[in-house]
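The values are calculated or read from the model by the stated rules, or taken from the named source; none is laboratory data. Quick caveat: nothing in here was measured; it's all calculated off a predicted structure. Quick reminder, even Gly has a Cβ in these numbers, built from the backbone with ideal geometry, and neighbours come from all protein chains shown. SASA here: full protein model, heavy atoms, side chains in, ligands and nucleic acids out. Shrake-Rupley method; radii C 1.70, N 1.55, O 1.52, S 1.80 Å.
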Amino acid sequence: MESLQNDIKQLIIDTLNLEETAVDDIDSNAPLFGDDGLGLDSIDALELGLAVKKRYSVVLSAENEAMRQHFYSVATLAAFIASQNPGHSA
């Protein structure tokens, strides 16, 4: 799962142009959104959602309240991706 989490961190960095951020700078359990964690906003959420959908071929639904929980942190996002596509669990 650590490999998937690192892949997601790199995807976040690449997708959102966070050039000054390294994979090791992102805490897997910290919130992605809001002031407590990475500090992403709603536009970042849209871009990240599209990148995740494209990279991991998962189905995302903005109408699904659980989706917010899946995107809480890198760890929760990795667990969601692994549950939708077991080939990405490594």
Handout entry: Neighbourhood net charge (14 Å Cβ-Cβ; Lys/Arg +1, Asp/Glu -1) for residue 47
Key = 0
Exercise for the section: Return the distance in nm (one decimal) between the two label points of a simple spin-label model at residue 27 and residue 51, each offset 7 Å from Cα along Cα→Cβ. Expected result: 2.1
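How much area per residue is accessible in the range 16-60 when the probe is 1.4 Å and only protein heavy atoms are counted (Å²)?
Values: 3020 Å² over 45 residues.
That works out to 67 Å² per residue.
Using a ≥ b ≥ c from the Cα gyration tensor of the range 1-83 (square roots of the eigenvalues), is it rounded, prolate or oblate, where a/c under 1.5 gives rounded and otherwise the larger of a/b and b/c decides, a/b for prolate? It would help to have the intermediate numbers written out before the result.
Details: a/c = 1.38, a/b = 1.23, b/c = 1.12.
Here the range 1-83 falls in the rounded category.
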Completion exercise
With DSSP loop assignment and no more than 13 other C-beta atoms within 10 Å, the GluC sites (Glu not before Pro) in the chain are 19, 20, 63, 65
Handout entry: Accessible area of the chain belonging to carbon and sulfur atoms, whole % at 1.4 Å probe
Key = 47
